[in-house]
Amino acid sequence: LGSPPPFAAGGAGGGVTFGSETFAGRSRTVASFAGGDAELVTVRGDSCSGLPSDQFTVSVWVRLSEARPAAGFVGCYRNDASDGGGMGWYLGASVTGRSFAFVLRGEGSDAALQLTDTTEQFTLGTWYHVAGSYDSTTMRLMVDGALVLTSTAQSGPV
């Protein structure tokens, strides 16, 4: 039957379907959120090894029903407070819980950076398209197709 999937769903269940897809000749396990009470999927620590690390764009459609400070929507981030705040990246809510954020730490940086515009708050119950982009020198946060902020404070692969 094979080994169990390298992830677990959080929340009360009912909203996450697991399957597989093939892209560019590689088969990957995927999770689809179709509503319900499921809140998260956790993956193995080594699951980020095949992801791009020096140039990438990631996006997600979100509709939030409550404010959750520093909550990630999608990402690959190892949190380690003893090492400058961790390594990796994620898209999510800012520390205020009311604006969007792109958090990243490149190998050439001493600490993670939260790229966010706390003056622009999202409206609960409204759909948004949130994207983060990084090219080893510049971070970009975009909301609904508009560039919100950029930063060159991070450098190197993630």
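Here residue 96 passes the criteria (1) modelled with pLDDT under 85; (2) touching a Pro at 6+ places or on another chain (Cβ under 7 Å) except the one numbered (1). When you go through 149, 104, 113, 124 one by one, which is the residue that is surrounded by 13 or more Cβ atoms within 10 Å (Cβ to Cβ) and modelled with pLDDT of 90 or more? Among 149, 104, 113, 124, only 149 is surrounded by 13 or more Cβ atoms within 10 Å (Cβ to Cβ) and modelled with pLDDT of 90 or more. Only a single criterion out of (1) modelled with pLDDT of 85 or more; (2) open to solvent by 50 Å² or more (accessible area, probe 1.4 Å); (3) more than 16 Å from residue 156 (Cβ to Cβ); (4) over 14 Å from the mean Cα position of the chain (by Cα) is not satisfied by residue 55, namely (3).
Residues in the stretch 130-158 that are touching an Asp or Glu at 6+ places or on another chain (Cβ under 6 Å) and β-branched (Val, Ile, Thr): 148 only. Restricted to the stretch 127-146, and to residues there that are open to solvent by less than 30 Å² (accessible area, probe 1.4 Å) and not in a strand (DSSP E or B), the residue that is farthest from residue 88 (Cα to Cα) is 138. Name the pairs: first residue in the stretch 85-112 and without any contact (Cβ under 8 Å) to a residue 24 or more places away in the chain, second residue hydroxyl-bearing (Ser, Thr, Tyr), Cβ to Cβ under 8 Å, at least 6 apart or on different chains? From the stretch 85-112, the pairs are 90/77; 99/116; 99/118; 99/119. When residue 29 is tested against the conditions (1) of a type in the set (Val, Ile, Thr); (2) open to solvent by 70 Å² or more (accessible area, probe 1.4 Å); (3) at pLDDT 80 or above, the lone failure is (3).
The values are calculated or read from the model by the stated rules, or taken from the named source; none is laboratory data. Just so we're clear, the structure is a prediction, and the values are computed from it rather than from any experiment. A quick note on method: Cβ atoms are made from the backbone with ideal geometry, for glycine too, and the neighbour counts reach across all protein chains shown. When the accessible area is computed, the model is the full protein with side chains, heavy atoms only, and any ligands, DNA or RNA have been set aside. Shrake-Rupley method; radii C 1.70, N 1.55, O 1.52, S 1.80 Å.
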